[in-house]
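Next up is a structure, given as structure tokens.
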Amino acid sequence: GTPQKYDPTFKGPIYDRGCTDIVCCVLLVVAIVGYVVVGVVAWTHGDPRKVIHPTDSRGQFCGQQGTPNEPRVPRGSAAGVSPTRAVLVSPPCPPPVQICVSKCPDRYMTYLTAFGNAASLQYYRNFCTPEFKNSQKAPLEVLRDKECPAMLIPSTPLARRCFPAIQAKKGVIMVGNETTYDDGHGRRRNVTELLEGAKKANVVLETRQLAMKIFEDYTVSWYWIIIGLVIAMVASLIFIVLLRFLAGIMVWVMIVMVILVLGYGIFHCYMEYAKLKGEAGSDVSLTDLGFQTDLRVYLHLRQTWLAFLIILCVLEVVIILLLIFLRKRILIAIALIKEASRAVGHIMSSLLFPLCTFFLLCLCIAYWASTAVFLSTSNEAVYKVFNESACPFSGQTCKPETFNTSNVTKLCPDAQCLFAFYGGETAYHKYLIVLQFFNVFMFFWLANFVIALGQVTLAGAFASYYWAFKKPDDMPAFPLFSAFGRALRYHTGSLAFGSLVLAIVQVIRVTLEYLDHRLKAAENKFAKFLLSCLKCCFWCLEKFIKFLNRNAYIMIAIYGTNFCTSARNAFFLLMRNIIRVAVLDKVTDFLFFLGKLLIVGSVGILAFFFFTHRIKLVQDTAPPLNYYWVPILTVIVGSYLIAHGFFSVYGMCVDTLFLCFLEDLERNDGSAEKPYFMSQNLRKLLKKTNKGQPDA
């Protein structure tokens, strides 16, 4: 590309600009209108209760207002076993009959034994279909017509369904304190036969217990978690304020602190590893132990601490080697950070702007998620003919309202019209997958647009700082709001263009991931290899487009050109300074990463010592917990998000100043007619001067 030439009229971000990429702006508006229409249609036809609440064999919700099962508690199945198999079963295999009951069965019982006892039969009727009225009907006829289950098994309610109450006592599998049960046909069976059917239910039960314990931990530690996040926020603010005045010292202190934190981690892991030597069970390998819901078990294994020790040692060595080889470039990065600190100091509102971006992203996620749920529940209940004997109508759709008067019951007396699944044959139902694809695509497009809007706003504000010859006197009164207004008024189309390109690549990546998931069981190695190559290529393409878009938005904020022109100019400018880009930009990113690591590591270590009762001054203040890692991980993740929010503003500031700096070097030469706009410190570092101006 051709280097930028001197323009005597250029004094920073151009205010007299016109609208760019109008076609993309119109396309975005049309797409948003279509997205709203899709959402309205989905909310009209969808019903999230289909996902949340169970149904009986007629597809009617259990215990919901306005349904035939309204008076009943939404739990239960007729057989007392896992009803998860009873909904999506393809014909001709008949599904087990599901009914809504007030509570799950709590005892073993068969219909044959209950038939001769009035009290038992009265209890048993709670688990029969609503059509069962004749208590004197022969038991074999009742079982043949599936009006009552052949047996009841002690069950536990979970997710509004009844699961066998399987438990292990001293290695013996039992259900309701029994090891065998009557199957309703006079045969005794071992309860282990129920394990296969309830295997997934047991995983759900264990997960539920884990979730309940985690919830309990949150209820007793939430205020301490908030305090930890506030500490992280204060630490981030203090760190940024100190960077403004003591950037050089803070960077080197930060580097030393990170090395010391990692060193302490290595020491702590080694001490734990050495302490477990000789203890019973500590030499068990992680593969032999397998997955455990109680994660504290892993902390009693030497192999766990050895793995932590190796990871921290590798990380420590890598960081030290990088610092040795990049030590000369760190000084230039410090100068950029100092300049960014001054820019942020003059535009303090920029630190709060990520909250606006976060709020808009939350709106995009909420709209996408709700639309996806309503679209996925837009199907209608489909009923099919189920018959245990030969029947020409088996598997065909039917209507329960007219089934008893149809020819099917005449030709197949034992046929039943039962709920099979949710589906539909209308044009709307046929194109549901297209609407879901459109929903995903629009989510990526709008999310990328929101991020782009935040980037171009910050870039415009920080560019106005750099191109102010007398800082901050020549800056506009409200640079952030001015940049935001210019972005929305003139460059909505350009932002839509850049985010559209990125959204297309991301949708392709999601499609490839879906295909990879579907082909996991396939034996075609060439297809798997080709898919892996495509995934890798599109991952690299997405990273490149994000990098190019970010710099294109900076050029849009400065010059007001369209997306393609801005992307081309930014790309050629960076290619003309490829060494500076590769070193300075990445060194700065690395230093920001160390800053996040220091804040997150410090707050995480503080949380670890507090919640594990290792700080004697507040030992009695820390709440008792089931899993102390729950609040610790929450504090660590929250601290990272907070630090990332603050440092993302700094990152955008450094990138903007860096591009402006490169433009300044190409446009100007330091003469009286073409003076440099860069700060005095940058001129000293690069040994540049403005003629006629003192650099003292």
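The values are calculated or read from the model by the stated rules, or taken from the named source; none is laboratory data. The structure presented is a predicted model; accordingly, all values stated were derived computationally and were not measured. Note that we place each Cβ from the backbone using ideal geometry, even for glycine, and neighbour counts take in every protein chain shown. The protein model used for the area step is the full one, side chains on, heavy atoms only, and it has no ligands, DNA or RNA in it. Shrake-Rupley method; radii C 1.70, N 1.55, O 1.52, S 1.80 Å.
Using the structure shown, decide if Ala622 is in a loop (DSSP other than H, G, I, E, B), touching a residue at least 60 places away in the same chain (Cβ under 8 Å) and among the small types (Gly, Ala, Ser).
So Ala622 passes the test.
In addition: Restricting to the range 335-362, count the residues that are small (Gly, Ala, Ser) and within 31 Å of the chain's Cα centre (by Cα).
Residues flagged as small (Gly, Ala, Ser) and within 31 Å of the chain's Cα centre (by Cα) within the range 335-362 amount to 2.
Could you figure out which of (1) crowded, with 17+ Cβ neighbours inside 10 Å; (2) of a type outside the set (D, E, K, R); (3) without any contact (Cβ under 8 Å) to a residue 40 or more places away in the chain isn't true of Ile615?
Unmet condition: (1).
Can you pull out every residue in the range 335-348 that is open to solvent by less than 70 Å² (accessible area, probe 1.4 Å) and either free of Cβ contacts under 8 Å to residues at least 24 places away in the same chain or out of contact with any Leu (no Cβ under 8 Å at 6 or more places or on another chain) (or both)?
Gly345
For the range 462-490, enumerate the residues that are part of a helix (DSSP H, G or I) and of a type outside the set (Phe, Trp, Tyr).
Within the range 462-490, Ala463, Ser464, Pro479, Leu480, Ser482, Ala483, Gly485, Arg486, Ala487, Leu488, Arg489 meet the criteria.
I would also like to ask the following. Among (1) without any contact (Cβ under 8 Å) to a residue 60 or more places away in the chain; (2) within 26 Å of the chain's Cα centre (by Cα); (3) open to solvent by less than 40 Å² (accessible area, probe 1.4 Å), there is one condition Ser532 misses while meeting the rest; what is its number?
(3)
Related question: Just give me the residues in the range 105-119 being outside any loop (DSSP other than H, G, I, E, B) and either closer than 16 Å to Val142 by Cα or open to solvent by 80 Å² or more (accessible area, probe 1.4 Å) (or both), in sequence order.
Across the range 105-119, the qualifying residues are Met109, Thr110, Tyr111, Leu112, Thr113, Ala114, Ala118.
Further question: Residues being at pLDDT 90 or above and hydroxyl-bearing (Ser, Thr, Tyr): count how many of those fall in the range 544-560.
1
Based on this model, can you work out whether Val89 counts as under 26 Å from Thr397 (Cβ atoms), open to solvent by less than 60 Å² (accessible area, probe 1.4 Å) and at pLDDT 75 or above?
Against the criterion (under 26 Å from Thr397 (Cβ atoms), open to solvent by less than 60 Å² (accessible area, probe 1.4 Å) and at pLDDT 75 or above), Val89 does not qualify.
Right, something else. Is it the case that some residue within the range 251-260 is surrounded by 18 or more Cβ atoms within 10 Å (Cβ to Cβ) and touching a Ser or Thr at 6+ places or on another chain (Cβ under 9 Å)?
Checking the range 251-260: not a single residue is surrounded by 18 or more Cβ atoms within 10 Å (Cβ to Cβ) and touching a Ser or Thr at 6+ places or on another chain (Cβ under 9 Å).
Can you pull out every residue in the range 486-529 that is under 22 Å from Tyr15 (Cα atoms), among the hydrophobic types (A, V, I, L, M, F, W, C) and open to solvent by 20 Å² or more (accessible area, probe 1.4 Å)?
Leu488, Phe497
Need at least 1 residues that are under 30 Å from Val29 (Cα atoms) and not charged (D, E, K, R) per element, so show me which helices (runs of 4 or more DSSP H) inside the range 371-455 make the cut, counting only ones lying wholly within it.
Of the helices (runs of 4 or more DSSP H) lying wholly inside the range 371-455, those with at least 1 residues that are under 30 Å from Val29 (Cα atoms) and not charged (D, E, K, R) span 427-430.
Look at Arg580 and say whether it is out of contact with any strand residue (DSSP E or B) (no Cβ under 7 Å at 6 or more places or on another chain) and modelled with pLDDT under 80.
Considered against the rule, which asks whether it is out of contact with any strand residue (DSSP E or B) (no Cβ under 7 Å at 6 or more places or on another chain) and modelled with pLDDT under 80, Arg580 comes out as yes.
Does Val101 satisfy the condition of being touching a Lys or Arg at 6+ places or on another chain (Cβ under 7 Å) and not small (Gly, Ala, Ser)?
yes
A further question on this structure: Determine which member of the set Thr561, Thr565 is open to solvent by 20 Å² or more (accessible area, probe 1.4 Å), assigned to a helix (DSSP H, G or I), of a type in the set (S, T, N, Q) and within 22 Å of Val26 (Cβ to Cβ).
Of Thr561, Thr565, the one residue that is open to solvent by 20 Å² or more (accessible area, probe 1.4 Å), assigned to a helix (DSSP H, G or I), of a type in the set (S, T, N, Q) and within 22 Å of Val26 (Cβ to Cβ) is Thr565.
Quick check on my filter: what residues within the range 628-678 are part of a helix (DSSP H, G or I) and polar (S, T, N, Q)?
Result: Thr634, Ser639, Ser648, Thr656.
Oh, and also: Please tell me if Ala483 is of a type in the set (A, V, I, L, M) and either open to solvent by less than 10 Å² (accessible area, probe 1.4 Å) or not assigned by the TED database to the domain that holds Lys674 (or both).
Answer is yes for this residue.
Looking only at the range 358-383, count every residue that is farther than 14 Å from Pro48 by Cα and surrounded by fewer than 18 Cβ atoms within 10 Å (Cβ to Cβ) and tell me the total.
Final tally of qualifying residues: 10.
Assuming Pro74 fulfils every condition listed in (1) open to solvent by 80 Å² or more (accessible area, probe 1.4 Å); (2) modelled with pLDDT under 70; (3) within 31 Å of the chain's Cα centre (by Cα); (4) not aliphatic (A, V, I, L, M) apart from one, which condition is it?
It is condition (1) that Pro74 fails.
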